[in-house]
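Report on the following structure.
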Amino acid sequence: MAKPNSIAEVSELCAACGHCVKVCPQNAVAVYKGMYAVVDIEKCIGCGICAGACPAAVISIISREVVSDEK
């Protein structure tokens with residue numbers, strides 16, 4: 001199965017509230033050590049539900065190509 005073209009990215013301004021974790025249909029988001037949210041890029045489908053639920057608006061939907069170009 002082909003990977004989606006988009007993926008969620010969490011800013012360093014994340015307050016670890018957990019709203020994104022609760023709404024992600026793929027269970028691709030987790031709060032790391034109570035400090036900030038992280039996205040599992042293998043599970044993320046780039047749907048944007050987490051970004052819409054983020055009260056601080058610190059989650060963006062970006063091109064998956066940007067992620068792979070950085071590695």
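Evaluated against (1) among the small types (G, A, S); (2) on the phi < 0 side of the Ramachandran plot; (3) surrounded by fewer than 13 Cβ atoms within 10 Å (Cβ to Cβ), S11 falls short on exactly one condition, (3).
As for region 15-23, it holds no residue that is loosely packed, with under 11 Cβ neighbours inside 10 Å, modelled with pLDDT of 95 or more and within 11 Å of the chain's Cα centre (by Cα). Close Cβ contacts (under 8 Å, 6 or more residues apart or on different chains) running from residues in region 10-27 that are over 15 Å from G46 (Cβ atoms) and in contact (Cβ under 8 Å) with a residue 24 or more places away in the chain to residues that are part of a loop (DSSP other than H, G, I, E, B) and not hydrophobic (A, V, I, L, M, F, W, C) comprise C17/P55; H19/P55. When restricted to residues that are part of a strand (DSSP E or B) and either touching a Leu at 6+ places or on another chain (Cβ under 7 Å) or not β-branched (V, I, T) (or both), region 1-52 contains 7.
Check whether at least one residue in region 35-46 is out of contact with any Lys or Arg (no Cβ under 8 Å at 6 or more places or on another chain), of a type in the set (G, A, S) and surrounded by fewer than 14 Cβ atoms within 10 Å (Cβ to Cβ), and report yes or no.
No, because not a single residue in region 35-46 is out of contact with any Lys or Arg (no Cβ under 8 Å at 6 or more places or on another chain), of a type in the set (G, A, S) and surrounded by fewer than 14 Cβ atoms within 10 Å (Cβ to Cβ).
The values are calculated or read from the model by the stated rules, or taken from the named source; none is laboratory data. Predicted, not measured: the structure shown is a model, and the values here were computed from it. Every residue, glycine as well, gets a Cβ built from its backbone with ideal geometry; the counts of neighbours run over all protein chains shown.
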